[in-house]
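Following: one structure in structure tokens, then a few remarks.
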Amino acid sequence: DDWSHGTHVAGILGATTNNKLGISSVAFDVKIMPVKGARLNSDDNNSTLQDTYDGMLYAAKAGFHAGTFTIINCSWGSLMENSYSISNFQNSVINVIHNTYGAIIVAAAGNGVQDEDGNWTEEEKYAEFYPASFDNVISVCPVNCEGNWGGWGTYPPTVDIAAPGEYIKSTVIGGEYENWSGSSMASPMVASSLGLL
């Protein structure tokens, strides 16, 4: 498909600096390992998150066994409406990634809820979003470029940091650039900063 979410996030994470083209990321000279965690649902032709926690564990192991440092960016998530056993499994995977493989996990805190007209509401501004709300995950809330909350990003008590997430210019499929908004844009901004650090 031509949906550029992963391409947009990757540009924020590691776009080349000092080449006078398009954009630059915070970090430079980084390596990105894309890991597919979604599958196409044949019933309605939409993507569903299926293999995200397995993908995170894979990335953590790959970095660990390569003798390098792994920062995992999760520009995805959901409200935890699953059963206790599923959420307990997901929390366990997060802890193994952190404690055994030493990887840092950065995750989007969520975008709230839109009404029927597509306008953002404050309905779920305190809703916990996962994996961002688990312990051992750096949870990122989006703000505008002046550092103010835009009235739409979620910020439960589990949020650790805020970063620009409104009208962020980055790469899209086809060699173009677009401005997008979302906690999905704020999360890689923090992950890239940690890579530079």
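The values are calculated or read from the model by the stated rules, or taken from the named source; none is laboratory data. This one's a predicted model, so the numbers in the text were calculated from it and none came from an experiment. Every residue, glycine among them, receives a Cβ derived from its backbone with ideal geometry; neighbour counts consider all protein chains shown. What goes into the accessible areas is simple: the full protein's heavy atoms, side chains included, and nothing from ligands, DNA or RNA. Shrake-Rupley method; radii C 1.70, N 1.55, O 1.52, S 1.80 Å.
Distance between Cα centroids, region 95-110 to region 153-197: provide it in whole Å.
Each part's Cα centre sits 17 Å from the other's.
Write down the accessible area per residue of region 1-121 in Å², having rolled a 1.4 Å probe over the full set of protein chains. Intermediate results must be reported in sequence, preceding the final value.
Values: 7560 Å² over 121 residues.
Accessible area per residue: 62 Å².
Past 24 Å, Cα to Cα, is the threshold; run K31/K169; K61/K169; K36/K61 against it and keep the listed order.
Beyond 24 Å: K61/K169.
Ignoring everything except DSSP H segments at least 4 long, calculate the 222 nm mean residue ellipticity for the chain; use -39,500 (n - 2.57) per segment, divide by total residues, nearest 500.
Details: 4 runs with 54 residues, N = 197.
Taken over the chain, the calculation gives -9000 deg cm²/dmol.
Quick one: what do you get for region 53-127 if you divide its Cα Rg by 2.2 N^0.38 Å?
Numbers: Rg = 15.6 Å, N = 75, 2.2 N^0.38 = 11.3 Å.
Normalised Rg, Cα atoms only: 1.37.
So for each of 104-111, 40-47, 156-163, 144-151 I average, over its residues, the number of other beta carbons within 10 Å; can you give me the resulting order with the highest mean first?
Values: 104-111: 26.4, 40-47: 9.4, 156-163: 17.4, 144-151: 11.8.
Highest to lowest by the protection proxy: 104-111, 156-163, 144-151, 40-47.
Largest first, how would E176, E124, E166, E116 line up by accessible area (1.4 Å probe)? Can you show the working numbers first?
Details: E176 110, E124 55, E166 30, E116 175 Å².
These residues rank, largest area first, as E116, E176, E124, E166.
Round to the nearest 10 and report in Å² the accessible area of I72, as given by a 1.4 Å probe over the protein chains' heavy atoms.
Around 10 Å² of this residue is reachable by solvent.
Out of the DSSP beta bridges found with both residues in the chain, what percent are antiparallel (nearest 5)?
On the way: 13 of 24 bridges.
Of those bridges, close to 55 percent are antiparallel.
On the principal axes of its Cα set, how long, how wide and how thick is region 76-197? Give whole Å, largest value first.
38, 36, 29
Please calculate the 1.4 Å probe accessible area of H65, with all protein chains present, and give it to the nearest 10 Å².
140 Å²
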